[in-house]
Each structure stands twice: as structure tokens, then as C-alpha cells.
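I have placed the structure first, in the form of C-alpha cells, so that the comments after it can refer back to it.
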Amino acid sequence: MGLGIQILNLNPCYDHWVIISNVPKTPNVLRGDHVVKLVDGKGLNIARVFNLLGFHDYLCINVLGGDVGKIISSKCREEGIKTAEFWINDENRINTAVVYEYEKRMLMVNEPGPVMTPDEIERFIHYLDSFIEEKSTLVISGSAPRGFEAKHMSRIAQMAKERGCRLMVDTSNEWLKELVKFEPEMVKVNADEFKVTFELSSLSVEKLYEVKKRYKIDVLCVTLGKDGSITLTEDRVFHARPKLVHSDFSVGSGDSFFAGYLYEEAMGKSVEERLIFATACGMANTLKYGAAIFDVKDLYEQLPFVELVEERL
């Protein structure tokens, strides 16, 4: 059997989480008490959760470059993440999270990332031709390198649709605006990105339904951080909420949520079961530093603390 889920991870990175446990003794100098290092990017976070759950019917397609790209490649092998690699000349980004543990806050510093040349983009789209399988699931998750425009994303979506693939999307801005034109089976996006992309001042079920109907999206899921998520299907609305909030450090919780949803869907579970499990994944992600890093035991302990409320459209 071929690979069931292809994950497009256009803008991977290598993350450093610097944990500062106590008030610094020297002004303007931060010395970490410990550091968490990991490969990151929405697609890689999904893949990491898949591995955690024992699901291996996937392939994460990374765009890599430079010495940082070599580190990402090596770390993926160490973690057993199943990848395909397309190499470019420019270098992948290193992102730094400074966690002020004593104040329960963090600062995330993201580098701008590499630039893909027009020739590299053309070769990459040709490269994808050998990986996107007939009637499989294509997950497009995260941002893209500089130079990679909405029109390029459109060509990938068109390729997938021509092969009868299911399109699952978690991105924003011009890439999301372009991808919804291809009637994706699912769009999962956080509330802030959704409002910016579709120029909304606020969210309501009515406004979400308008977007869902306009673009013929089967499942529209908007995540709301510690307030959970709101999901619209054909004729129902689901509000999934955590009853407990463990931490304010939630980087990677949206990716963990999406991975949990995709996993449960692959297992043939109902929408209700998918959303409860996905929410528990997002909650478990907040228990440790680093994106999409948690224990299966912690995940299953969260399940009783998920509230799911349903209403009719």
C-alpha cells in the first residue's frame, strides 16, 4: 500500500528553547538554565505526533538548505521521522524561544527563513510530481519560503486535485486565500490568522459558515487557544473546550491538535471522537517545553477533561 498522507512542510526550522528559571542577576544578560533543541515547522510537528501515536503511513516533504538544513535532516533521522528532502541553496531558519519561567511568559524570535529562486521553485514542483499519490491525502501546513508565492501554491493544489487527493490545509494569508479556491476537505486555522486572511473584525458561527459555504470547505475548524476550537461540518457546529488549562506555553498545540484530528480520521473515528482526541493532544502539548512533544500517557489523561458541545447549523 502507498503512503496515505503526504505532508508538505515548505519552511522547516531548527528551534532553540532557552529556559530561564530565575530572575537574571546581571541586567541585560540572559543565561539559560537549560535548553531544548528540536526540529520544527508545522508539517514536522504533525509528523512527530504521528510517530508518537504509532502511525507511520505518512511522508513529510521538507525543503532544506545550508548547514541548518543538514541539522534538520540529521535530527529527523534520529527521531525516525519519515521524510523526503528537496535541497535549495539558501539556509533554513533557526528560531529561538526565550522562556521566562519565573514570570510564566515567553518571547518567540523567528528568523525570516530562506529564499527560493524561481528555478528552485520550478524544480520543486516537478519534484513533488513523484510523491503526490493518486487518491491520497495532501496536508499543506505552515508558511512557505520567501519567493514562494500564492500562484505556486495553486499549482500544487491543482496537481493534487487532478489526482483525486483530499486537501487538508493549515496555513494563512495569501497561501490560504489561494488554497481555499480548490475546495479543501478541511481547513484548520487559528482564529487570528483566520480573521486577518478573510478580513474579519470578529468571529461568529454565521461568518464562519459564510466562508465555509463560499469555498465549499467540508470541515472548517478554527482554533481558539486555551478556549478550544469551533468546527463546522455539513450541518453541525462543534465547540471543543479544555476543562483544564495547564500552561500558557502553547507553541505547537495547534499542530498537535491537527495531527490528532488527522490520526483519528485515519482510524475511521467519528467527528466527535476526532475533536475530543485532537483537543487532548493540544492540551498534552502544553505540559512540556517544545512543540509537539508529549507522552502518550499525558495525552490519554487529558481525554476526560475535554468538553464537546454540539449544535445544528
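The table that follows gives values for the structure above.
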{"quantity": "Test item: Cα-centred dipole of the range 99-192, Lys/Arg +1 and Asp/Glu -1 on Cβ, debye", "calculated": "220 debye"}
{"quantity": "Protection proxy ranking, peptides 221-231, 289-299, average beta carbon neighbours within 10 Å, highest first", "calculated": "221-231, 289-299"}
{"quantity": "The range 10-52: trypsin sites (Lys or Arg not before Pro) in DSSP coil with no more than 10 other Cβ atoms inside 10 Å", "calculated": "K25, R31"}
{"quantity": "Set K195/K243; K104/K188; K135/K269; K226/K288 screened for pairs whose C-alpha atoms are more than 18 Å apart", "calculated": "K195/K243; K104/K188; K135/K269"}
{"quantity": "Whether the range 90-208 is rounded, prolate or oblate, judged on the alpha carbon gyration tensor where a/c under 1.5 counts as rounded", "calculated": "oblate"}
{"quantity": "Selection from H246, W175, V68, by position along the positive dipole direction of the chain (Cβ)", "calculated": "H246"}
{"quantity": "Span-rule helices in the chain, defined as complete DSSP H runs reaching 30 Å or more along the axis (Cα) with Kyte mean at least -1.0", "calculated": "none"}
{"quantity": "Point-charge dipole on Cβ atoms (K/R +1, D/E -1) for the chain, about Cα centre, debye to 20", "calculated": "240 debye"}
{"quantity": "Leading residue at positive end of dipole, the chain (Cβ point charges), from V196, G32, I156", "calculated": "G32"}
{"quantity": "At q = 0.21 Å⁻¹, base-10 log of I(q)/I(0) for the range 1-79 (Debye sum, equal scatterers on each alpha carbon)", "calculated": "-0.94"}
{"quantity": "Under-5 Å amide H pairs with A97, H placed in peptide plane, nonlocal only", "calculated": "H16, W17, V18, V109"}
{"quantity": "Highest-fluctuation residue, I132, I81, I121 considered, GNM on the chain with Cα pairs under 10 Å", "calculated": "I121"}
{"quantity": "For the chain, accessible area per residue (1.4 Å probe, heavy atoms of protein chains only), Å²", "calculated": "45 Å²"}
{"quantity": "Counted charge near E265, where neighbours are those whose Cβ lies closer than 11 Å (Asp, Glu -1; Lys, Arg +1)", "calculated": "0"}
{"quantity": "The range 180-185 - phi-based ³J(HN,Hα) in whole Hz, Karplus 6.51/-1.76/1.60, Gly and Pro as x", "calculated": "5, 5, 9, 6, x, 5"}
{"quantity": "Probe 1.4 Å, all protein chains present, accessible-area order of V115, V237, largest first", "calculated": "V115, V237"}
{"quantity": "Other-chain or far-sequence residues with amide H under 5 Å of R146's (modelled H)", "calculated": "M116"}
{"quantity": "Within the accessible area of the chain (1.4 Å probe), percent carbon and sulfur", "calculated": "50 percent"}
{"quantity": "Shape metrics for the range 51-98, restricted to C-alpha atoms - Rg then Dmax, Å", "calculated": "12.1, 35"}
{"quantity": "Gaussian network model of the chain, Cα within-10 Å springs - most flexible of D33, D67, D218", "calculated": "D33"}
{"quantity": "Karplus 3J(HN,Hα) series, Hz, for the range 227-239 with 6.51 cos²θ - 1.76 cosθ + 1.60 (x for Gly, Pro)", "calculated": "8, x, 7, 10, 10, 10, 10, 4, 9, 9, 10, 10, 10"}
{"quantity": "Share, in percent, of DSSP beta bridges within the range 1-147 that are antiparallel, nearest 5", "calculated": "35 percent"}
{"quantity": "Cα gyration tensor shape of the range 33-166, rounded if a/c is under 1.5, else prolate or oblate by comparing a/b with b/c", "calculated": "prolate"}
{"quantity": "Gyration tensor (alpha-carbon) shape descriptor, the range 250-313, a/c threshold 1.5", "calculated": "prolate"}
{"quantity": "Gap separating the Cα centres of the range 1-54 and the range 223-291, nearest whole Å", "calculated": "19 Å"}
{"quantity": "Length-normalised contact order for the chain - Cα pairs under 8 Å, 6+ apart - percent", "calculated": "16 percent"}
{"quantity": "For the range 230-283, size of Cβ-based charge dipole, Lys and Arg +1, Asp and Glu -1, in debye", "calculated": "180 debye"}
{"quantity": "Gaussian network model of the chain, springs between alpha carbon atoms under 10 Å - residue of L262, L107, L303 with greatest fluctuation", "calculated": "L107"}
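The values are calculated or read from the model by the stated rules, or taken from the named source; none is laboratory data. Remember, predicted model here, so these are calculated numbers, not experimental data. Reconstructed Cβ throughout: ideal geometry from the backbone, glycine too, with neighbour counts over all protein chains shown. Note: accessible area is taken over every heavy atom of the protein model, side chains too, but ligands, DNA and RNA are not part of it. Shrake-Rupley method; radii C 1.70, N 1.55, O 1.52, S 1.80 Å.
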